[in-house]
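Participant: Got a structure for you, written out below as C-alpha cells; questions coming shortly.
The values are calculated or read from the model by the stated rules, or taken from the named source; none is laboratory data. Please read all numbers here as calculations on a predicted model, not as lab measurements. So basically every Cβ, Gly included, is an ideal-geometry build from the backbone, and we count neighbours across all protein chains shown. We work out accessible area using only protein heavy atoms, side chains counted, and drop any ligands, DNA or RNA first. Shrake-Rupley method; radii C 1.70, N 1.55, O 1.52, S 1.80 Å.
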Amino acid sequence: MMARRGGKRIRMNDPPPEYEEHGELLNESTSDGDSPMKRMTRLRARGGVRDKPPIIDDDEDDFWAPVARKRKQQGQRKPPGERRERAERPRKEHIEKEQERVDMERDVTTDENSLYFIVRHSKSAIASIVDDWIEKYKQNRDSALIALMQFFINASGCKGKISEDMPHPMEHTAVIRKMTEEFDEESGEYPLIMPGQQWKKFKMNFCDFVQTLVKQCQYSIIYDQFLMDNVISLLTGLSDSQVRAFRHTATLAAMKLMTALVDVALLVSNNFENAAKQYEAERVKSRDRRASDRLESLMTKRAELEENMDEIKNMLTYMFKSVFVHRYRDTLPDIRAICMAEIGVWMENYPQNFLDDSYLKYIGWTLHDKVGEVRLRCLQALLPLYDKEELKGKLELFTSKFKDRIVAMTLDKEFEVAVHAVKLVISILKIHPDILADKDCEIVYELVYSSHRGVAQAAAEFLNVRLFHLTADMEETKTRRGKIRLPNTPLIRDLVQFFIESELHEHGAYLVDSFIDNNAMVKDWECMTDLLLEEPGFNEEVLDNKQESTLIEIMVSSVKQSATGEAPVGRASNRKITLSSKELKAIQDEKVRLTEHFIITLPPLLEKYQADSEKLANLLAIPQYFELDIYTTNRQESNLQALLDKMSYIMSVHTDREVLETCAKTLEYLCSEGSATYTRCDVARSNIIDNAVNKYKDAIDDWRNLIAGEEQPNEDEIYNVTISLKVISILYASHNLNPWNLFESLFQDVEECQSKKNLPTRALPNEALVYCIEACYFSISWGLYYVENQCESSNIAMVSSELRGNFVKYMAACFELTRDGPTEQIQESAYQSICDLLIVFSDQLSKNENEHIRALEYKSTLDEQLILNNFVQHYVFTIKQEVVQDETRIEELHKKRNFLASFCKLIVYNIIPTKSAAGIFKHYVKALSSILRPFATAILPVSLFHL
C-alpha cells in the first residue's frame, strides 16, 4: 500500500518523514535491543538493564513557544539544629473546600449559560445538554455555532470571548489569532492537564459531549455543510496552534470527532448495503410484480446514503490529513498518545476503511516513540486487531515489516509496555505462527525469569501457546510395571528441559511463579512424583541426575507457593498484600491437597535420594508446608513415623549444611506445640538431639584427652569434632538445647581461643571454633527466651544470674576475638554475634516488670564500640586487590553489606552513639555504588546526614 505526501510516494516500510532527513543519527540512537540479530541477555530477562528504544525526533513543524511557568521561590533552609514546627494536618472537609476554591479560580468563565460552564458544573446527562444545544441550533444556527466554538476555546483554558458580530462566513484564522492574543499563558495549566477528580470528570464529559453531538446530529445536521465545516475548520486551525493548550484540546476534540464520524460512517455503510440489496431484489422481479414507486424510492434512498457516505469519508479524510498526520508526531506526548489510541478505535470499528497499510504504517512508526505511554497506546491499538481472525490477511504485511520492533519491545524499560508487547507477540503467534523465528521466540522465553510478575506471566502464556500444551498426537506411555503415565508427563519433561537449557540454576521459584496461574502442570504433583519414583517403561526416556534435581526443585517451589500464596522475593511487591477470604480458602485447599499426596510419597522419595545432598535439601523442606492434622484425621501415623525415621537417619549421616539446616527447620515445624503430631515428633526430636549431643561429647572428650596427653589428633578425630559441633550449632539455631547443659563445654574452647592458652597446632580447627561461637550465641539467646517466657518466678533470680554470667564472659571473649582473632572467619562470627546480642540485650529489657530481667540489660563501653567500628573499617571498606570469580565477588559483597547493616542497626536503635557513623561517611562517596547504596535511605536515619 502506498500514499502520497508532498508529491512523493511513500511505502509502508519507509521510515516516517522526519526520519528521512536524519538517517545516520537514527542509526546511532537505535538501541541494540531493537536489532533482530541482538540476542537478549539474562540481565535483561531478569528485569535488569533494558535497551533504550529509538526515539521520534521533535516535530519540526511545531515551533510553538513553551508555556511560561511560575517558579516556586525556594525558601531558606533551616539549619539542622533548628527544630521545625510541625504543621497541623488539615481536615478532609477543609481540603475539599480548598480544592473547590482553587477549581473555581481556575475556571475560565463564570457565565452560567455557556456550554463550558454547563458541561463543567451541570449534573444533567450529556445527551440532554446536547439536545438543548441542537434546539438552539435549529432556532439560530449562527449563535449556536458561536456558543459551540466558545466551548472549545474555553475548554482550552482561554478566557477570550468570540464576539457575536463576527463576519460570515467566519474567518477562523482571525478567531484563533485573537484568542491567542488573549490567552493567559502564565499559569501553564488548562483543563485537560489539571489534577483533581473534578477535572478528570470534565475531560470525560468533554469527550462525551463531542461524540454525543455527532451521534445526535447524524441524520441531518452534520450534512448541512455548515456545522461540520465550521467545527472542523476551527479544530484544524487550533490543532496547529503554537499554544499547547489549544493544540492539545483541539486534537483531542478532533480525534473524538473522527471516532464519532467513524461510527456514523459504519452505520451509513450498513444502511447503504441494505438499501442496495433491497433495490437489487426489487429490480430483478418480473415487470408485473415490480413496484416502480418502491424501486424509485429505494434508488433515491441509495443515492442519498451514498452521498452521505461520500461526505463523511471526505470529512474523515480531510481531518486525518489536516490533523492526525501532523499531530501523531507532535512534541507533546499526550497528543501523540491520543492519536494512537483513536486510530486503533477507527481500525477496530471500521476496518474496511482504516485497516489498511497506508494507515497502519503510522502505528508502526510510532512504536519507536521515546515516551512509554505513547508506545503503550500503539500496542493497545494493535491488540484488538490481532484478536480477530477475519482481519488476519490485512495485517500480514504490517506484521512482516514491524515484527522485529514488536519483539524488541518485549524488553521495553516500561514494564506495562513490555507486558502488552508480549501479548501482541502471542497474538501474532496465533494468526501468523510461521513469521516468528527461533531467535524471536528465545527473547520471549527468557522473560519468564523477569523480576516483573506481569511480564513473566505474559511470557509464560507465550510458552503455553507455543510449547506447553497438550496435543492430539502425544503418545500414551506406561511405566515399567504397566501404570499409565498422566497426561501432563510430556509437558513436565519439556518444562524440566527448558529450565535446564535456560541455565538459571536456583531460579525455579521464578519459573513456577510465572506458570502457576496459567498452567496446571506445575501443580500436578502426582505426575511429578510418578516420574521420580516409577521406573520408566519401554521406549521411555530415563531422567538423568540433572533432570531429577531440576524436577525436584520445580516441584518444591510449586509446593511452597501453593501452600503460602507468596510469590518469590522480588515479585511480591506488585501483588496485593491482603488476600480475600476466597483466596485464603483456595490456598488452604491446596495445602490440604498437597499434604494428602506427599504424606504418602515423601518417605519413598527420601529413601531413594537419601545419598544426594542437593535433592534432599529440597525434599526435606516439603513437610514445612503440611497441614499436620491430616496425619491423624487420615490415619497416616505410620507415614509420619517413616518420615521421622528418615530425618533421624539423615541428621546422623549427612554433613552438608543446607541439608542439616533444612532438616532442623522441618523438625521444628513438625514439633509445633498444639498440633496433633506434637507428642510423637517431640520424642523423635529428643532422640535426634540426644544422638547429636552424645556424638559431640564423645568427640570432644577424645580431643581433650589427646591434647592432655600431648598427642596430635589425626584426621578422623579432627573430622569427628568438627562435624559434631556443626550439627550441634545447626540444631541450636532451631531448637533449645540448653537442657543438655552444653554451654560450659562449648565456651571452654572459645575462651581458650580468646586467651591463646593452646598452641595453634593443639587448638580446635578454625571451622570448629566458629561452630562453638555460634552455638554459644544460640545458647544465650535461648536462655533469654526461657527467662522471659517459661521460667517460674521462684527460679528466675537464679536462672537470670547464671545467664548474666554466661553472657558477660561470652561478650568479653567475642570482643577480644573480633579485635584479635586468629582468622577472619572467627573474627566475623564473633562480630556478628556481638551485634545481634547487643540488640537482644538492649534497653528494651529495662522496660520489663521483673527486676531480674531488667538487670540483664547490657551497655557497651567506648572501647567495645571502637572495636566494632575498627572491624567495619577493615572488613567492609578495605578493597582487596584479588582476581576472583564473579560469584565469589558477589558473595563477598553480600557479606560486607550484612556486616554494615548490623553496625547501622546498632546506630538506628541508639545502642551505640550516632557519632559512630562518622567513620562510615568518610567512605560514603567511594563506596556508595557497591556497599552503602542499600543503606543510604533505608537503614541510616536522616539525622546521620547532619553530623
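Participant: Mind listing just one residue for me: the one in the range 678-701 that is hydroxyl-bearing (Ser, Thr, Tyr) and surrounded by fewer than 18 Cβ atoms within 10 Å (Cβ to Cβ) and, of those, nearest to Pro623 (Cα to Cα)? Break it down stepwise before answering.
Facilitator: Of the residues in the range 678-701, the ones hydroxyl-bearing (Ser, Thr, Tyr) are 678-679, 686, 696.
From what's left, surrounded by fewer than 18 Cβ atoms within 10 Å (Cβ to Cβ): 678-679, 686.
Details: Tyr678: 14, Thr679: 17, Ser686: 19 Å.
By that ranking, first place goes to Tyr678.
Participant: Does any residue in the range 427-451 that is over 19 Å from Arg405 (Cβ atoms) come within less than 6 Å, Cβ to Cβ, of a residue that is outside any loop (DSSP other than H, G, I, E, B) and open to solvent by 10 Å² or more (accessible area, probe 1.4 Å) six or more places away or on a different chain, and which pairs are these?
Facilitator: Once the first residue is over 19 Å from Arg405 (Cβ atoms) and sits in the range 427-451, its partners that are outside any loop (DSSP other than H, G, I, E, B) and open to solvent by 10 Å² or more (accessible area, probe 1.4 Å) give Tyr449/Tyr510.
Participant: Residues of the range 540-559 being touching a residue at least 60 places away in the same chain (Cβ under 8 Å), surrounded by fewer than 20 Cβ atoms within 10 Å (Cβ to Cβ) and more than 18 Å from Asp612 (Cα to Cα), which ones?
Facilitator: The answer is Glu540, and nothing else.
Participant: Scan the range 325-336 for residues that are surrounded by fewer than 23 Cβ atoms within 10 Å (Cβ to Cβ) and in contact with a helix residue (DSSP H, G or I) (Cβ under 7 Å, 6 or more places away or on another chain) and jot them down.
Facilitator: Residues of the range 325-336 surrounded by fewer than 23 Cβ atoms within 10 Å (Cβ to Cβ): 325-326, 331-334.
Within the range 325-336, Leu332, Pro333, Asp334 qualify.
Participant: With buried (at least 17 other Cβ atoms within 10 Å of the Cβ) and either touching a strand residue (DSSP E or B) at 6+ places or on another chain (Cβ under 8 Å) or at pLDDT 95 or above (or both) as the only criterion, which of Ser675, Ser781 stands out?
Facilitator: Numbers: Ser675 fails: either touching a strand residue (DSSP E or B) at 6+ places or on another chain (Cβ under 8 Å) or at pLDDT 95 or above (or both).
Answer to the check: Ser781.
Participant: Quick one: Leu385 ticks every box in (1) in a helix (DSSP H, G or I); (2) open to solvent by 40 Å² or more (accessible area, probe 1.4 Å) except a single one, so which number is it?
Facilitator: Result: Leu385 passes all but (2).
Each row is one residue, and each column tells you yes or no for (1) in a loop (DSSP other than H, G, I, E, B); (2) in contact (Cβ under 8 Å) with a residue 12 or more places away in the chain; (3) touching an Asp or Glu at 6+ places or on another chain (Cβ under 9 Å).
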position	(1), (2), (3)
Lys313	no, yes, no
Thr317	no, no, no
Val323	no, yes, yes
Thr331	yes, yes, yes
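Participant: How many residues, within the range 816-840, are closer than 10 Å to Ser902 by Cα and among the acidic types (Asp, Glu)?
Facilitator: Qualifying residue count for the region: 1.
Participant: Within the bounds of the range 640-653, is there any residue that is hydroxyl-bearing (Ser, Thr, Tyr), out of contact with any Pro (no Cβ under 9 Å at 6 or more places or on another chain) and within 18 Å of Ala621 (Cβ to Cβ)?
Facilitator: Taking the range 640-653 as the starting set, the residues that turn out to be hydroxyl-bearing (Ser, Thr, Tyr) are 648-649, 652.
Right, trim to out of contact with any Pro (no Cβ under 9 Å at 6 or more places or on another chain) and you get 648-649, 652.
Within this subset, residues satisfying the condition of being within 18 Å of Ala621 (Cβ to Cβ) are 648-649.
Checked against the condition, which is being hydroxyl-bearing (Ser, Thr, Tyr), out of contact with any Pro (no Cβ under 9 Å at 6 or more places or on another chain) and within 18 Å of Ala621 (Cβ to Cβ), the range 640-653 yields at least one hit.
Participant: Let me ask another. Give the range 263-315 a look and list any residue that's buried (at least 17 other Cβ atoms within 10 Å of the Cβ) and modelled with pLDDT under 70, or say none.
Facilitator: Tyr279, Glu282, listed by residue number.
Participant: A further question follows. Looking at the range 699-813, what helices (runs of 4 or more DSSP H) fall wholly within it and have at least 2 residues that are farther than 21 Å from Val840 by Cα and more than 47 Å from the chain's Cα centre (by Cα)? Please lay out each step first, then the result.
Facilitator: Values: elements: 715-734, 743-755, 766-789.
Helices (runs of 4 or more DSSP H) meeting the threshold: 715-734, 743-755.
Participant: Name the residue that is surrounded by the fewest Cβ atoms within 10 Å (Cβ to Cβ), counting only residues in the range 794-838 that are without any contact (Cβ under 8 Å) to a residue 24 or more places away in the chain and more than 25 Å from Ile907 (Cα to Cα).
Facilitator: This residue is Ser794.
Participant: Could we say that Asp629 is among the charged types (D, E, K, R) and surrounded by 14 or more Cβ atoms within 10 Å (Cβ to Cβ) here?
Facilitator: Numbers: among the charged types (D, E, K, R): yes; surrounded by 14 or more Cβ atoms within 10 Å (Cβ to Cβ): no.
It is false that Asp629 is among the charged types (D, E, K, R) and surrounded by 14 or more Cβ atoms within 10 Å (Cβ to Cβ).
Participant: Give the residue, chosen from Lys370, Lys401, that is in a helix (DSSP H, G or I), open to solvent by 50 Å² or more (accessible area, probe 1.4 Å) and of a type outside the set (Phe, Trp, Tyr).
Facilitator: Working: Lys370 fails: in a helix (DSSP H, G or I).
Result: Lys401 is the single residue among Lys370, Lys401 that is in a helix (DSSP H, G or I), open to solvent by 50 Å² or more (accessible area, probe 1.4 Å) and of a type outside the set (Phe, Trp, Tyr).
Participant: Test Asn720 against the stated conditions and say whether it is touching a Lys or Arg at 6+ places or on another chain (Cβ under 8 Å), more than 25 Å from Asp836 (Cβ to Cβ), open to solvent by 70 Å² or more (accessible area, probe 1.4 Å) and of a type outside the set (A, V, I, L, M, F, W, C).
Facilitator: Values: touching a Lys or Arg at 6+ places or on another chain (Cβ under 8 Å): yes; more than 25 Å from Asp836 (Cβ to Cβ): yes; open to solvent by 70 Å² or more (accessible area, probe 1.4 Å): yes; of a type outside the set (A, V, I, L, M, F, W, C): yes.
Yes; evaluated as a whole, the condition is true for this residue.
Participant: Give the residues of the range 404-418 that are in a helix (DSSP H, G or I) and either of a type in the set (Val, Ile, Thr) or open to solvent by 70 Å² or more (accessible area, probe 1.4 Å) (or both), sorted by residue number. Spell out how you get there, then give the answer.
Facilitator: Taking the range 404-418 as the starting set, the residues that turn out to be in a helix (DSSP H, G or I) are 404-411, 415-418.
Residues satisfying the conditions are Ile406, Val407, Thr410, Glu416, Val417.
Participant: I would also like to ask the following. On the given criteria, is Tyr223 in contact (Cβ under 8 Å) with a residue 60 or more places away in the chain and among the aromatic types (Phe, Trp, Tyr)?
Facilitator: yes
Participant: Right, next: If you check Gln197 against the conditions, is it surrounded by fewer than 12 Cβ atoms within 10 Å (Cβ to Cβ), out of contact with any Leu (no Cβ under 7 Å at 6 or more places or on another chain), at positive phi and free of Cβ contacts under 8 Å to residues at least 40 places away in the same chain?
Facilitator: On the way: surrounded by fewer than 12 Cβ atoms within 10 Å (Cβ to Cβ): yes; out of contact with any Leu (no Cβ under 7 Å at 6 or more places or on another chain): yes; at positive phi: no; free of Cβ contacts under 8 Å to residues at least 40 places away in the same chain: yes.
Judged against the criteria, Gln197 is not a match.
Participant: Report whether or not Arg377 is open to solvent by 10 Å² or more (accessible area, probe 1.4 Å) and either at pLDDT 95 or above or under 24 Å from Tyr223 (Cα atoms) (or both).
Facilitator: Details: open to solvent by 10 Å² or more (accessible area, probe 1.4 Å): yes; either at pLDDT 95 or above or under 24 Å from Tyr223 (Cα atoms) (or both): yes.
For Arg377, the condition - open to solvent by 10 Å² or more (accessible area, probe 1.4 Å) and either at pLDDT 95 or above or under 24 Å from Tyr223 (Cα atoms) (or both) - is met.
Participant: Right, something else. Identify, please: which residue in the range 136-157 is outside any loop (DSSP other than H, G, I, E, B) and out of contact with any helix residue (DSSP H, G or I) (no Cβ under 9 Å at 6 or more places or on another chain) and is, among those, surrounded by the most Cβ atoms within 10 Å (Cβ to Cβ)? Write out each step before concluding.
Facilitator: First, pick out the residues of the range 136-157 that are outside any loop (DSSP other than H, G, I, E, B): 136-139, 141-155.
From the residues that got through so far, the ones that are out of contact with any helix residue (DSSP H, G or I) (no Cβ under 9 Å at 6 or more places or on another chain) too are 139, 142, 146.
Working: Gln139: 9, Asp142: 14, Ile146: 19.
Restricting to residues being outside any loop (DSSP other than H, G, I, E, B) and out of contact with any helix residue (DSSP H, G or I) (no Cβ under 9 Å at 6 or more places or on another chain), the top hit is Ile146.
Participant: A further question on this structure: Filter the range 205-244 down to residues that are open to solvent by 20 Å² or more (accessible area, probe 1.4 Å) and outside any helix (DSSP H, G or I), then give me how many there are.
Facilitator: Number satisfying all stated conditions: 8.
Participant: Let me ask something else. Just to be sure I understand, how many residues within the range 757-778 are open to solvent by 70 Å² or more (accessible area, probe 1.4 Å) and either of a type in the set (D, E, K, R) or at pLDDT 95 or above (or both)?
Facilitator: The total comes to 2.
Participant: Is there a residue being open to solvent by 10 Å² or more (accessible area, probe 1.4 Å) and farther than 23 Å from Ile435 by Cα anywhere in the range 358-366?
Facilitator: No: zero hits.
Participant: Now for a different question. Here are some conditions: (1) surrounded by 22 or more Cβ atoms within 10 Å (Cβ to Cβ); (2) in contact (Cβ under 8 Å) with a residue 40 or more places away in the chain; (3) of a type outside the set (D, E, K, R); (4) touching a Gly at 6+ places or on another chain (Cβ under 9 Å). Ala421 meets all but one. Which one does it not meet?
Facilitator: Ala421 satisfies every listed condition except (4).
Participant: Another question about this same structure. Taking the stated definitions as given, is Thr595 under 26 Å from Leu531 (Cβ atoms), free of Cβ contacts under 8 Å to residues at least 40 places away in the same chain, among the hydroxyl-bearing types (Ser, Thr, Tyr) and outside any loop (DSSP other than H, G, I, E, B)? First the steps, then the outcome.
Facilitator: Working: under 26 Å from Leu531 (Cβ atoms): yes; free of Cβ contacts under 8 Å to residues at least 40 places away in the same chain: yes; among the hydroxyl-bearing types (Ser, Thr, Tyr): yes; outside any loop (DSSP other than H, G, I, E, B): yes.
In short, yes.
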